[in-house]
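Notes to accompany the following structure.
Here, each number is a calculation from the coordinates, and none is a lab measurement. The model shown is predicted, which means the values in this text are computed figures rather than measured ones. Quick reminder, even Gly has a Cβ in these numbers, built from the backbone with ideal geometry, and neighbours come from all protein chains shown.
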Amino acid sequence: MPELPEVETICRQLEPEIVGRTIEGVEVFDERWSRPEPPAAIERGAAGRRIQAVRRRGKYILVELDQGAALLMHLRMTGNVVVGERRLGGERLYQSGPDPDAHLRAEIRLDDGRSIRFTDPRRFGHGRLLARAEVDPYLSERLGVEPLDGELTPELIGELAAGRTAPLKSFLLDQRRIAGIGNIYADEALHRARLHPLSPAGSMRPEHWEELRDGIVEALEAGIRNGGSSIDDYRDALGERGTMQDEFLVHTREGEACPRCGETIARIVVGGRSTYFCANCQTRLRRRPRRRRGSRPGGRP
């Protein structure tokens, strides 16, 4: 699934290409893309509007339009958003072969003859047109703090993790707490922080909060520098592959040597997700015992 670095890469590429352009029309080729709204709601609502800005929130792409509207797109597992010359004629939905319009689910036609194409083989991605005032409430219900805007402090990580027994890997994947981290960058962040993915989130101490914050930021920034990770379906807004997969420290590196200590990288499953780590240099924290009410250090009442 495209994560924060992949979505950020797409937004940075889209911004100079489409801001200032007017949407001539929208065609939704698969009604699942706009569900629960009918395709016509987006097709009618976006046509004729000028694109004012492109930004990211979590894993969402936000295309802000004039007249107080915003088009939100989420890539989910296999979605791609590519800008380029408009394709003319021919069947465009679920074609086979290396056609850039294969699995086309929606096309946004621009006034300069180009289009923004949303393709998605597995059909989990979606788009939604909201009034500007609806955007923040919609996203706030689904997303927590942004990890790269300075708000993710070690102390905030401690507050978010307090009392939680879920493994750190699962904690990082919860978008309602920290937005934008998925399976890839959770593994990479935990390795940088020297923390075992099965450690209970609430077992961290202040020094671990800081190490995890630094690990998250470093992993995400590395992903952005490398244009994202193209393990399977991901391509950037220009149709090119990212290179972060060549820089992974542990993710997908099962059986290889840990780049820090040389021990063998292992793979386990956490919350249904393949998880890669080094058991030698990633410390497994233990759940802190709860102090009984009325007790004092040393066990005396």
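Shape call for the chain from the C-alpha gyration tensor, a ≥ b ≥ c root eigenvalues: rounded (a/c under 1.5), prolate (a/b greater than b/c) or oblate?
Details: a/c = 2.62, a/b = 1.81, b/c = 1.45.
In terms of gyration-tensor shape, prolate.
Give me the distance in nm between label points sitting 7 Å out from Cα along the Cα-to-Cβ direction at ALA257 and ALA40, one decimal.
Reported label-point gap for ALA257 and ALA40 is 6.5 nm.
Run the numbers on the chain and let me know its relative contact order in percent, using alpha-carbon pairs under 8 Å that are six or more apart. Could you put the intermediate results ahead of the total?
Working: 636 pairs, mean separation 53.5, N = 301.
Reported relative contact order: 18 percent.
Check THR283: other-chain or 5+ apart residues with amide H under 5 Å from its amide H, H built from backbone geometry?
Those qualifying (amide H under 5 Å, at least 5 residues apart or on another chain) are LEU195, HIS196.
Output the relative contact order of the range 4-140, whole-number percent, from Cα pairs under 8 angstrom with separation of 6+ residues. Intermediate results must be reported in sequence, preceding the final value.
Working: 285 pairs, mean separation 38.5, N = 137.
In percent, rounded to a whole number, it is 28.
Taking a label point 7 Å from the Cα of ILE268 along the Cα→Cβ vector, which residues of the range 219-251 have an amide N closer than 17 Å to it?
Hits in the range 219-251 for ILE268 at 17 Å: 250-251.
Give me a comma-separated list of calculated 3J(HN,Hα) values for the range 172-179, in order, Karplus coefficients 6.51, -1.76, 1.60 applied at θ = phi - 60°, integers in Hz, x for any Gly or Pro.
Karplus-based 3J(HN,Hα) across the range 172-179 equals 6, 7, 7, 5, 6, 9, 10, 8 Hz.
Multiplying the sequence separation of GLN175 and ALA279 by 0.36 nm and subtracting their Cα-Cα distance, what value in nm do you get?
The GLN175-ALA279 span can extend by a further 34.8 nm.
By the gyration tensor of its Cα atoms, with a ≥ b ≥ c the square roots of the eigenvalues, what is the shape of the range 4-140: rounded for a/c under 1.5, prolate for a/b over b/c, or oblate? Before the final figure, lay out each step's value.
Working: a/c = 1.37, a/b = 1.25, b/c = 1.09.
Rounded, because the longest to shortest axis ratio a/c is under 1.5.
Using each residue's phi in the range 67-74, evaluate 6.51 cos²θ - 1.76 cosθ + 1.60 at θ = phi - 60° and report the 3J(HN,Hα) Karplus result to the nearest Hz, with x for Gly and Pro.
6, x, 9, 8, 9, 9, 10, 10
Please work out how much length the chain gains when fully extended from GLN52 to ARG123, using 0.36 nm per residue of separation minus the C-alpha to C-alpha distance, in nm with one decimal.
Details: separation 71, 0.36 × 71 = 25.56 nm, distance 2.78 nm.
Working it through step by step, the gained length comes to 22.8 nm.
What's the extension gain from THR243 to ALA131 if we count 0.36 nm per residue and subtract their Cα-Cα distance?
Values: separation 112, 0.36 × 112 = 40.32 nm, distance 3.61 nm.
The THR243-ALA131 span can extend by a further 36.7 nm.
State, to one decimal in nm, how far the label point of GLU141 lies from the label point of GLU24, with both points 7 Å from Cα in the Cβ direction.
Between GLU141 and GLU24, the simple spin-label model gives 3.6 nm.
I'd like to verify something in the chain: which complete DSSP H helices, judged by Cα projection on the helix axis, reach 15 Å or more and average at least -1.0 on the Kyte-Doolittle scale? Present the calculation step by step, with values, prior to reporting the outcome.
Numbers: long enough: 4-18 (20 Å, -0.17); 183-193 (16 Å, -0.53); 206-225 (29 Å, -0.60).
Counting only whole DSSP H runs, the qualifying helices are 4-18, 183-193, 206-225.
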